[in-house]
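Can you read through this structure? Questions will come right after.
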């Protein structure tokens, strides 16, 4: 890096008069890539460390943190240590946008990793595209975020496919009175539309359609609506702490009613016997069963940081960080946002140890289509 800077400065001194101003500026910007020093590569994320989705932020902190620590212990990436900067937004889209604007203005990070939330990512995606800073693995599977973005690289499978699989499974079990409870924000309303269409495609209409406030303060009213509808099953298109309160309320007020949810419905939450019997989609392998090399590596990395409990949320964050690290390695020592973007776009059939990520040749960049369905046991883990 020092030699490169010397040559660049020497060249400018000799022929600066022959270079257009814009070329000199572009060269200087490339030499001083944001978030890059001789010793450190800084990656940033805006996510909820407080509020109803605080568990998501904590999962990224632990899972991605374990992957970064694992890489750093092995010498880092091209001799640089990885640093993860987390900024709390409380799951408020406006705060997410302000956080990301500040990160870009201060040029403090080479890339973004796993910013959380559909509405939050909707708010920052135009900023990401305008700045030309890669965003790897947003924590959202919303179809509305998967269009023509050149700098956003999704790793997880989409919510649409998750909803469709759940509806197919419920209908296949002969259940007809399927009620929908959705979070009253961009994420929940979008998945509500997907679920209504999936039911219609199977010749059914929802037994009830009830919106749960993000704060969960209308829980009693939603439960009353469910009791009135008397459904055979409830599909929860929710996320965060209100989801767990909803599950407990349904178990108490409508015992015996089957519940199902998306991968994010209970993600990042401390589960117990109250969620027993609930069907959940998952976009990663079972984190508690070391059936493949990826899960074994994840468990070892988590234990090395002092974390003994495993979850789909932390495994997803670990996978996301591993994908970013591979992109950084492929981008080379003289990394810039543009070179990282090109390296990520070129990742094909990346085998992380029994879990493959492969980006297509053009946007939208979605690396995994993995979806499985599990049932939670009394200890909050998947049965079987």
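Throughout, read-outs are computed from the coordinates displayed, never taken from laboratory work. Everything numeric in this text was worked out from a predicted model, so none of it was measured. As a convention, Cβ positions derive from the backbone with ideal geometry for all residues, glycine included, and neighbour counts pool all protein chains shown.
Post the alpha-carbon centroid distance, region 77-97 to region 284-314, in whole angstrom.
If you average the Cα positions of each part, the centres end up 22 Å apart.
Let me ask something else. Tally the DSSP beta bridges in the chain and give the antiparallel ones as a percent, rounded to 5. Let's see the in-between values first.
Numbers: 9 of 42 bridges.
Approximately 20 percent, going by the DSSP bridge assignments.
Return P(r) of region 159-282 (all Cα-Cα pairs; 5 Å bins starting at 0; whole %; ordered from short to long distances).
Once binned at 5 Å, the Cα pair distances of region 159-282 give 2, 12, 26, 27, 22, 10, 2, 0.
Moving to a separate point now. Given the C-alpha centroids of region 133-159 and region 99-129, what is the distance between them in whole angstrom?
12 Å
Would you please give the FRET efficiency between residue 293 and residue 37, computed as 1/(1 + (r/R0)^6) with r the Cβ-Cβ distance and R0 = 41 Å, to the nearest 0.05? Could the numbers behind the result be given before it?
On the way: r = 33 Å, r/R0 = 0.80.
With R0 = 41 Å, the Cβ-Cβ based efficiency is 0.80.
Taking springs between alpha-carbon atoms closer than 10 angstrom, which of 73, 215, 143 fluctuates most in the Gaussian network model of the chain?
Comparing 73, 215, 143 in the GNM, the peak value goes to 73.
Could you order the peptides 94-104, 38-48 from most to least packed, using the average number of other C-beta atoms within 10 Å per residue?
Values: 94-104: 19.2, 38-48: 21.9.
The peptides rank, most packed first, as 38-48, 94-104.
I'd like to compare 358-368, 337-347, 181-191, 231-241: which one has the highest average count of other Cβ atoms within 10 Å, and what's the full order after that?
Answer by packing, highest mean first, reads 231-241, 181-191, 337-347, 358-368.
Identify the residues of region 270-295 with backbone N under 16 Å of a label point that sits 7 angstrom from the Cα of residue 356 along the Cα-to-Cβ direction, or state none.
So the set is 285, 293-294.
Would you mind ranking 36, 264 so that the residue whose beta carbon has the fewest other beta carbons within 10 Å leads the list?
36, 264
While we're here: Going by how many other beta carbons lie within 10 Å of each one, how would you line up 155, 383, fewest first? Numbers along the way, then the final one.
Details: 155 25, 383 11.
Listed from fewest to most nearby Cβ atoms, that is 383, 155.
For each of 192, 78, count neighbouring Cβ atoms within 10 Å of the residue's Cβ, then give the residues from fewest to most.
Ordered by Cβ neighbours within 10 Å, fewest first: 78, 192.
Can you give the FRET efficiency for residue 224 and residue 189, using 1/(1 + (r/R0)^6), R0 = 25 Å, r = Cβ-Cβ distance, to the nearest 0.05?
E between residue 224 and residue 189, to the nearest 0.05, is 0.75.
On to the next question. Suppose we keep just the alpha-carbon trace of the chain; what are its Rg and Dmax in angstrom?
In order Rg, Dmax, the Cα atoms of the chain give 22.4, 81 Å.
Just subtract the alpha-carbon distance of residue 300 and residue 375 from 0.36 nm times their residue separation and send over the number in nm, one decimal.
24.5 nm
Shifting gears a bit: Which residue fluctuates the most in the chain, going by a Gaussian network model with Cα springs under 10 Å, if the choices are 138, 126, 312?
126
Please list, short to long, the whole-number percent of alpha-carbon pairs of region 233-288 in consecutive 10 angstrom bins beginning at zero.
23, 61, 15, 1
Starting from the Cα-Cα distance between residue 342 and residue 270, subtract it from 0.36 nm times their residue separation and give me the gain in nm to one decimal.
Residue separation times 0.36 nm, minus the Cα-Cα distance, leaves 22.1 nm.
Once both axes come from the Cα atoms, what is the angle between helix 219-229 and the longest principal axis of the chain, in degrees from 0 to 90, rounded to 10?
So the inclination is approximately 50 degrees.
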